[in-house]
Amino acid sequence: MLQVQFIRQNKELVLERLALKHFSEPGLVEEIITLDDRRKKLTLEYDETQAKVNAASKEIGKLMASGDKAAAEARKQDVANYKQALGPIDESLRSTEQLLQDTLVKLPNLPGPQVPAGKTPEDNVEVCGGGSKPSLYEGAVPHWDLAKTYDLIDFELGNKITGSGFPVYKNRGARLQRALISYFLDYNTANGYTEVTPPYMVNEASAYGTGQLPDKEGQMYHVTADNFYLIPTAEVPVTNIYRDEILKEAELPVKMTAYTPCFRREAGSYGKDVRGLNRLHQFEKVELVQLVRPDQSYAVLEEMVAHVEQLIISLGLPYRILNLCGGDMSFTSAQTYDFEVYSAAQDKWLEVSSVSNFESYQTNRMKIRYKDENGKNQLLHSLNGSSLALPRILACLLENNQTKEGILLPEVLHRYFGSDRISNG
C-alpha cells in the first residue's frame with residue numbers, strides 16, 4: 001500500500017497517477033488525509049492526557065511525602081478523571097487508525113514513469129519481439145487435438161475427477177511438463193536465483209501482504225475450515241518469506257525462484273479463450289522474485305525482462321513484449337511487461353509471463369526493510385515475474401513444432417525429456 005506521508009506530500013501527483021490507472025475512487029485520497037489529520041489530533045490528545053496522568057502521579061508522591069494528604073487525595077481524583085478520559089480517546093484513536101488502514105488498502109499502486117497512457121489491452125505498447133511465425137503443413141491442428149493424437153493430456157478425465165480447467169497430463173505429456181519445470185529452474189538458478197519450495201496454501205496475512213487481499217479474494221480458492229487460501233502464484237508465499245524482516249545491505253539483492261502449482265477460480269472468464277490449455281483453474285508455473293534497494297528496482301526490472309526473454313528465445317518460440325498501459329495493469333503493480341508467444345495453429349498471441357515492479361507497495365504491507373548506510377530502516381522494492389507459466393508454453397511448443405512425422409522439441413529440452421521429438425512411431 002502507499003504510505004500516508006507520501007500521499008500528504010504529493011497529493012496532486014498521486015491523483016494524476018491514479019487517473020493514469022483509471023482509478024474510479026480518487027476521493028479516497030482526500031479521505032485518507034482527513035483520517036490522518038484526525039489520527040494526529042487524537043494521538044496528541046491522548047499523549048497530552050497521559051502526560052497529565054504522569055505529572056499528577058508524581059505530584060501525589062511529593063504531597064504524600066510532605067504530609068499534605070488532602071491535596072494528595074484531590075490529585076488522586078484528578079488522575080482517576082484523566083484515566084477515565086483516556087478510554088474514549090484511545091477507542092476513537094484505534095477505530096480511526098483501523099479506518100485509515102482500511103481506506104489505504106483501497107488505493108492501488110501508482111503507475112511508474114514509463115507506463116503508457118491507455119485503458120484497454122489494445123493500448124498496450126509493443127516494446128520488441130523476436131522469432132518467426134512458423135508455416136505449418138496443411139492439416140495442422142491445435143494443441144487439444146495433438147494432445148489426443150499423442151495421448152499427452154486428457155481434458156475429459158480431469159473434468160471427471162474435478163471439473164473443467166483441471167487437465168490430467170499423461171505419459172509424454174507429463175514428462176514434457178517435468179522437463180520444462182526442470183529446465184526453467186536450472187536456467188534460473190544458473191543465473192543467481194536461489195530455489196525454494198514454498199507451501200501451496202497461505203494464511204490471510206500472507207495473502208494481504210502481496211495484495212491478493214482485499215482486492216482479489218474472489219479469484220482465490222478459500223479453505224474455509226482453516227482460513228487458508230490456495231496460492232494463485234508462487235509470488236505470494238515466496239515474497240512473504242521476508243515478511244517483518246530487516247535485511248542487511250550485504251544480503252541484497254534477494255533473488256528467489258520457485259516451482260508451484262497455481263490455483264485460480266478465473267471467475268467471470270467463461271467463454272474467453274478457455275479451450276484446451278488456454279485458461280485453467282490449476283496450472284504449473286516457475287516464478288522469479290527479487291527484493292532490491294529502491295534506487296535499483298527499475299534497472300532490475302529490465303534485467304528480469306531480459307532474463308525471461310532469453311528463456312523464451314531458447315525455446316525457439318516467436319514472441320513479443322508489451323509495456324502495459326495504466327488501465328490494463330494490476331492493482332498492485334507500478335510497471336508491468338507482458339510476454340506473449342504466437343500460437344500457430346490457433347493464429348493468436350498467448351500471454352505466458354508478466355514481469356512487474358511493485359516498488360514499495362507490497363513491502364510496506366509486509367514491512368520488508370533493510371538498514372541503509374546510515375543505519376536507518378528503509379522499505380525495499382519487490383519485483384516478480386513468470387519464468388515461465390507452463391500451459392500456454394506447452395500449447396505453443398506442440399502447435400508450432402508439429403510435423404507429419406511428429407512434434408519436434410527445442411534442443412534445450414532434449415536432455416530433460418530424453419528425446420528430440422514426440423511421435424507415435
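Applying 1/(1 + (r/R0)^6) with r as the Cβ-Cβ distance of Asn10 and Asp186 and R0 = 35 angstrom yields a FRET efficiency of 0.20. The residue among Asn188, Leu152, Tyr208 whose Cα reaches farthest toward the positive pole of the charge dipole of region 146-225, with charges on the beta-carbon of Lys, Arg, Asp and Glu, is Leu152. Distance between the modelled labels on Asp145 and Gln378, one decimal in nanometres: 5.8 nm (7 Å Cα→Cβ projection).
Taking Leu63, Leu252, Leu413 as the candidate residues, the one with maximal mean-square fluctuation in a Gaussian network model of the chain, Cα springs under 10 Å, is Leu63. Note that region 54-143 presents 61 Å² accessible area per residue, ligands and nucleic acids not counted, probe 1.4 Å.
Using unit Cβ charges (K, R positive; D, E negative) and no other charged atoms, how large, in debye to the nearest 20, is the dipole of region 1-125 about its Cα centre? Mind dumping the intermediate values first?
Numbers: 18 positive and 20 negative charges, 94 e Å.
The dipole of region 1-125 has a size of about 460 debye.
Based on alpha carbons, the Rg and Dmax found for region 43-119 are 23.1, 78 Å. Taking 7 Å steps out from each Cα toward its Cβ at Glu217 and Lys404 produces label points 5.9 nm apart. When region 60-156 is described by a simple charge dipole with +1 on each Lys and Arg Cβ and -1 on each Asp and Glu Cβ, the residue from Val115, Gly129, Val141 located farthest towards its positive end is Val115.
Full extension of the chain between Asn227 and Asp295 gives 20.8 nm of extra length, using 0.36 nm per residue less the Cα-Cα distance. Only helices at least 24 Å long along their own axis, judged from Cα atoms, and with Kyte-Doolittle mean hydropathy of 0.5 or greater: name those in the chain from DSSP H. The answer, listed by residue number, is 297-314. Measuring r between the beta carbons of Asp102 and Glu266 and using R0 = 22 Å, the FRET efficiency lands at 0.20.
Around the amide H of Leu388, modelled in the peptide plane, lie the amide H atoms of Val286, all under 5 Å away and 5 or more residues distant in sequence or on another chain. Treating cross-link reach as a plain straight distance, find the lysines whose alpha-carbon is under 17 Å from the alpha-carbon of Lys11, omitting any fewer than eight places away in the same chain. Reachable lysines: Lys21, Lys106. Placing pseudo-labels 7 Å out from each Cα toward the beta carbon at Arg421 and Asp273 gives an inter-label distance of 3.0 nm. Given the C-alpha centroids of region 346-387 and region 48-124, what is the distance between them in whole angstrom? Taking the Cα centre of region 48-124 as reference, the centre of region 346-387 is 32 Å away. A Stokes-Einstein calculation at 4 °C with viscosity 1.567 mPa s, built on the Kirkwood radius of region 158-286 over Cα pairs, returns a diffusion coefficient of 79 µm²/s. Structural size metrics of the chain, computed from C-alpha coordinates, are Rg and Dmax of 27.6, 108 Å. When the charge dipole of the chain is built from unit charges on Cβ atoms (+1 for Lys and Arg, -1 for Asp and Glu) and taken about the Cα centre, the candidate among Tyr342, Tyr242, Ala65 whose Cα reaches farthest toward its positive end is Ala65. Rounded to the nearest 500, the 222 nm mean residue ellipticity of the chain from helices alone is -13500 deg cm²/dmol, with -39,500 (n - 2.57) taken per DSSP H run of at least 4 residues. Restriction of the GluC sites (Glu not before Pro) in region 359-425 to DSSP coil positions whose beta-carbon has at most 13 other beta-carbons within 10 angstrom yields Glu373, Glu405.
Take every pair of alpha-carbon atoms less than 8 Å apart whose residues are at least six positions apart; their mean separation over the length of region 279-339 yields a relative contact order of 24 percent. Sorting Tyr183, Tyr416 by solvent-accessible area of protein heavy atoms yields Tyr416, Tyr183, largest first, with a 1.4 Å probe.
Normalised by the number of residues in the chain, the average gap of Cα pairs under 8 Å and 6 or more apart makes the relative contact order 20 percent.
The values are calculated or read from the model by the stated rules, or taken from the named source; none is laboratory data. All values reported here derive from a predicted model rather than from experimental measurement. Every residue, glycine among them, receives a Cβ derived from its backbone with ideal geometry; neighbour counts consider all protein chains shown. Ligands, DNA and RNA are excluded from the accessible area calculation, which covers all protein heavy atoms including side chains. Shrake-Rupley method; radii C 1.70, N 1.55, O 1.52, S 1.80 Å.
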